[in-house]
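First up is the structure itself, then whatever we jot down about it.
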Amino acid sequence: MAALTVKWSGDEYIIDALDDTETVADLKKAIQCKTGVLPERMKLLGLKYKGKPPDDAVTIGNLKLKPNTKIMMMGTREKELAEANKPPEDMPDVVNDFDIEDEEIAVENRQEFLNKIERRIKDYKIEILNEPRPGKKLLVLDIDYTLFDHRSVGETGQDLMRPYLHEFLTIAYEDYDIVIWSATNMKWIKAKMDELGVTKNPNYKLCFMIDSLAMITVETPKYGVIDVKALGVVWGKFEQWSTKNTIMFDDIRRNFIMNPQVGLKIRPFKQAHTNRDTDRELLKLSKYLKDIAPLEDFTILNHKHWERYRPEKKRSSER
């Protein structure tokens, strides 16, 4: 068997001691030796046999793994399962982000960065999952720490999914076409969306997904070189969307430095095991999306103050 890389809890583990006659069960035991996660606590994403996740009896040879294959594992060590239910001893992590207000002005209209956007419009290929619907606004969503706690450990995506995710997407879909944009590669985006039950949910549909290859690199005067999600790439491909009818959620504000007015910085969802019973961010944001949906122009909004937004009530003569 060619060496296999297993991604788990932010680290990578090389598995290279198996041959093609051994089974998925043997693979799980090898992963256990590296990570300490019991096989019955594991879920492996990225392995397929006849179009489906393989059972433990399938041999490694039948998986037809390519050289340098990477897969993702979900799973929890027994000790961490016990500790997950304990209250946290310290304060939540401080979000590691830049204070970029001055930087937004400095880079948003720089011609060299606009040229990069034009190249992405030309070269980046978008796979349409469901055709854009006439008259719908656009909602662009990050995954990690926005919809999913990708650093905590869990046996399934449900353990790490942000509370009210499906309710949020169902409500949003009424007024918005939904796009996923993550700063990872498409393989992991698809695996996470499948695991979370988003891809084939009957109550809403994703329009398309975008990966890190659509991002552009910009150089800021204060913080140097960073990769960002420039929505101009999407607007250049779909003329029905623009700054007037697009909103983007991300836990890292610098990701929308090229389109700052459109971005809403969501509170990051971390420490899923201790926070999932109290996190209401998506529930509150679904109301905000519904409240602003009737507006013809989102540029009048300041999304930093989204929690204080109140829609204007129609006059009694207009009712």
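The values are calculated or read from the model by the stated rules, or taken from the named source; none is laboratory data. Quantities reported herein were computed from a predicted structural model and do not represent experimental measurements. Heads up, the Cβs are rebuilt from the backbone with ideal geometry, glycines too, and the neighbour counts pull from every protein chain shown. The area values use the complete protein model at the heavy-atom level, side chains included, leaving out ligands, DNA and RNA. Shrake-Rupley method; radii C 1.70, N 1.55, O 1.52, S 1.80 Å.
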Q: Return the pairs, sorted by first residue and then second, in which the second residue is modelled with pLDDT of 95 or more and open to solvent by less than 50 Å² (accessible area, probe 1.4 Å), the first residue lies in region 204-230 and is under 18 Å from I189 (Cβ atoms) and aromatic (F, W, Y), the beta carbons are less than 6 Å apart, and the residues are 6+ apart or on different chains.
A: Y204/L169; Y204/T170; Y204/Y173; F208/I126; F208/V179
Q | Failed item in (1) part of a helix (DSSP H, G or I); (2) hydrophobic (A, V, I, L, M, F, W, C); (3) touching a Pro at 6+ places or on another chain (Cβ under 9 Å), with L295 passing the rest | A | (1)
(Q) For region 9-23, check the following and say yes or no: at least one residue is open to solvent by 40 Å² or more (accessible area, probe 1.4 Å) and at positive phi. (A) yes
**Q.** Residues located in region 31-65, provided they are modelled with pLDDT of 85 or more and basic (K, R)
**A.** K34, K48, K50, K64
Q) Out of (1) over 14 Å from T59 (Cα atoms); (2) free of Cβ contacts under 8 Å to residues at least 40 places away in the same chain, the odd one out for T23 is which? A) (1)
Q.
Kindly evaluate I252 against the criterion of being of a type in the set (V, I, T), modelled with pLDDT of 95 or more and farther than 24 Å from K125 by Cβ.
A. no
Q) Are any residues in region 164-197 under 16 Å from N130 (Cα atoms), among the hydrophobic types (A, V, I, L, M, F, W, C) and under 11 Å from the mean Cα position of the chain (by Cα), and if so, which ones? A) V179, I180, W181, M193
